[in-house]
Amino acid sequence: MATESIDKISAVTALPDITLDIKDLHVAYGASEVLHGVDLQVGRGEIVTLMGRNGMGKTTLMKALIGNIAARSGNIILDGKDITHLPSWQRVKAGLAYVPQGRMIFSAMTVTENIESGLFVRGGRTIPQKLYDLFPVLKELGERRGGNLSGGQQQQLAIARALATGPHVLLLDEPTEGIQPSLILELARTLRKIRDETDLSIIVSEQVLSFALDVADRIVVIEGGNIIHQCSRAEADGEQLMRFLSV
Amino acid sequence: MLWGYSFSDLTSIFVMQSFAGLILFSVFLLMALGLAIVFGQMGVINMAHGEFMILGAYTTYVCSQVFSRWIPTLFGAYFFIAVILAFIVAGAVGMLLEWGLIRFLYRRPLDTLLATWGVSLMLQQLFRSVFGAREVGVQLPDWMMGSFNLNETTQIPVNGVIVVGLTFFITLGIYALLLKSRWGCQVRAVMQNRSMAGAVGINTEWIDRLTFGLGCGVAGVAGAAFTMIGSTSPTAGQQYIVDTFLVVAFGGTQSLGGTIASAFSISQARSILEFFLSGSMAQVIVLLTVIGILMLRPQGLFSMKVRR
């Protein structure tokens with residue numbers, strides 16, 4: 001039954017202008033397969049929210065996309081280019097950017113250096129003003145070490161660092177984790193603003209339903225390493241989604 | 001007075017032994033800098049690091065032979081050419097080693113330990129085959145042989161001053177390279193989180209190769225400096241590798257300042273104690289002290305005040 005609904009929905013929501021095309025992606029840690037053939041297409045300027053309980057494969061999908069874990073089979077195609085077997089830095093060069101779970105900023109480097117680390121891939125030398133327009137606090141904190149920032153500030157830094165690479169597709173893994181509610185609202189607004197200004201496609205994995213409904217154009221539910229449900233924000237049914245998320 | 005030395009004797013001994021310690025400090029520091037950068041970034045414990053130093057020493061030896069035979073007029077300046085060549089040769093061999101072996105062994109510390117130990121044995125045999133098992137010494141140009149007489153009992157050797165000066169500039173150079181250059185920014189990013197550095201678009205493979213080459217090149221420069229205080233033999237590097245590990249462990253791999261302070265205190269303690277006690281007793285006392293301090297501060301002398 002689940003498969004039927006996917007076919008119907010993807011026929012409705014498939015966009016003509018596809019940026020990222022994931023085809024039959026299988027990913028395994030050693031012998032244990034975690035993703036069993038994920039198919040997902042993301043349109044230009046679309047925000048897709050990936051939902052699902054812990055251990056269902058959200059983070060694994062993110063890591064496989066950026067190249068921290070190798071894919072066992074299947075393809076990842078970005079702007080028509082197959083990036084399945086490229087090392088991480090070449091995927092970034094091709095247009096992917098990544099904000100990992102736990103943010104993973106370079107804690108012993110200053111805020112400015114953290115943002116600059118994203119510039120090298122395109123040979124840029126100065127941090128674009130628009131990043132500071134989005135996150136003014138990062139300018140004030142420029143000389144502070146990344147590790148001494150608060151969780152919310154680190155999240156902004158991690159996003160700024162990812163945007164500095166000049167991406168077409170931004171991957172965010174559980175960005176609301178450990179962030180106070182008022183900032184979660186702000187984050188959703190910021191993400192939509194970035195999308196509106198730059199036509200960036202965003203995949204964001206999330207467990208907070210309100211944030212997902214706030215930010216998403218389309219919601220995708222992943223369970224047991226398969227996509228089991230998709231819907232646009234307009235047709236999203238909160239109660240149904242809650243059932244997917246509850247244990 | 002103490003042990004039958006007069007006070008002015010003691011002062012002279014102290015000054016001269018401190019200076020001898022400074023030359024030792026220079027070699028330790030150059031060795032440890034290379035080792036610390038490579039270990040800090042790649043988690044690779046390079047057991048062949050001492051052989052890279054000896055590679056630099058043999059390069060200096062060859063250079064001195066070539067200059068004295070074919071271009072004796074420029075012999076006075078050969079040492080500076082030798083330093084540059086030692087850096088290039090050791091650095092190039094280091095990059096070759098990274099490309100041919102080390103890169104397949106990342107995140108396998110035991111395997112790298114064994115593999116680089118094997119490489120060190122191979123290099124030693126190579127030195128033996130090419131240069132013979134006997135020690136070779138370099139000839140110093142006349143102007144580097146003398147010493148500055150501070151007073152009638154205190155003498156400071158000229159070559160020592162050159163070695164210390166060289167070390168100062170190289171350390172400063174590495175410091176600037178790591179903290180101020182674009183390359184340094186990428187190195188530090190890779191050091192802290194390899195997979196995340198890749199995920200922000202840093203070419204980690206290339207940075208690794210360059211860093212390994214730099215570490216080995218600096219060891220080569222240490223070798224050039226080493227020719228001033230000891231004679232070069234195929235196995236001379238092994239005597240220094242343990243002390244170098246000690247310096248790195250004591251200083252902590254997170255800061256250059258820690259490496260400098262640790263190289264300084266260990267070499268000074270060694271050099272001054274060696275005058276009053278036997279060499280092995282000095283070694284034992286230094287080792288025990290370092291172990292004692294490391295039990296209290298496992299992270300080394302200095303560590304950064306930052307949340308991780």
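The values are calculated or read from the model by the stated rules, or taken from the named source; none is laboratory data. On a predicted model such as this, the values are computed, not experimentally measured, just so you know. When we count neighbours, we look across all protein chains shown, and the Cβ atoms used for this are built from the backbone with ideal geometry, even at glycine. We work out accessible area using only protein heavy atoms, side chains counted, and drop any ligands, DNA or RNA first. Shrake-Rupley method; radii C 1.70, N 1.55, O 1.52, S 1.80 Å.
Quick look at the numbers
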item	result
Pair list, Cβ under 6 Å, 6 or more apart: segment A:105-120 residue farther than 17 Å from B:A199 by Cα and open to solvent by 10 Å² or more (accessible area, probe 1.4 Å), other residue of a type in the set (D, E, K, R) and in a loop (DSSP other than H, G, I, E, B)	A:T110/A:E143
Residue list for segment A:98-123, filter: at the interface with chain B (Cβ under 8 Å from one of its Cβ atoms) and not in a loop (DSSP other than H, G, I, E, B)	A:Y98, A:E113, A:E116, A:F120, A:V121, A:R122
Given (1) more than 8 Å from chain B (Cβ to nearest Cβ); (2) among the hydroxyl-bearing types (S, T, Y); (3) touching a Leu at 6+ places or on another chain (Cβ under 9 Å), number of the condition A:S150 does not satisfy	(3)
Residue count for segment B:73-84, restricted to those that are open to solvent by 70 Å² or more (accessible area, probe 1.4 Å), over 19 Å from B:L33 (Cα atoms) and modelled with pLDDT of 90 or more	1
Helices (runs of 4 or more DSSP H) within segment B:204-308 that include 3 or more residues within 14 Å of chain A (Cβ to nearest Cβ), open to solvent by 10 Å² or more (accessible area, probe 1.4 Å) and in contact (Cβ under 8 Å) with a residue 12 or more places away in the chain	B:204-226
Residue in segment B:171-185 that is buried (at least 18 other Cβ atoms within 10 Å of the Cβ) and within 24 Å of A:G67 (Cα to Cα) present	yes
Flag for A:I127 being touching a residue at least 12 places away in the same chain (Cβ under 8 Å), within 18 Å of A:E197 (Cβ to Cβ) and part of a loop (DSSP other than H, G, I, E, B)	yes
Complete set of residues in segment B:201-251 that are of a type in the set (G, A, S) and more than 12 Å from the chain's Cα centre (by Cα)	B:G201, B:G213, B:G230, B:S231, B:S233, B:A236, B:A249, B:G251
Segment B:131-170, residues that are touching a residue at least 12 places away in the same chain (Cβ under 8 Å), open to solvent by 90 Å² or more (accessible area, probe 1.4 Å) and outside any loop (DSSP other than H, G, I, E, B)	B:D142, B:W143, B:M145, B:F148, B:L150
Qualifying residue in segment B:95-113 (condition: surrounded by 15 or more Cβ atoms within 10 Å (Cβ to Cβ), of a type in the set (D, E, K, R) and in a helix (DSSP H, G or I))	yes
Any hit, segment B:93-100, residues being closer than 23 Å to B:T244 by Cα and of a type in the set (D, E, K, R)	yes
Residue among A:G95, A:G102 that alone is in contact (Cβ under 8 Å) with a residue 40 or more places away in the chain, out of contact with any helix residue (DSSP H, G or I) (no Cβ under 8 Å at 6 or more places or on another chain) and farther than 25 Å from B:W183 by Cβ	A:G102
Subset tally (residues that are of a type in the set (A, V, I, L, M), touching a residue at least 40 places away in the same chain (Cβ under 8 Å) and open to solvent by less than 10 Å² (accessible area, probe 1.4 Å)) for segment A:41-86	11
Test result for B:R188, open to solvent by less than 50 Å² (accessible area, probe 1.4 Å), of a type in the set (K, R) and either more than 25 Å from A:G123 (Cβ to Cβ) or in contact with a helix residue (DSSP H, G or I) (Cβ under 9 Å, 6 or more places away or on another chain) (or both)	yes
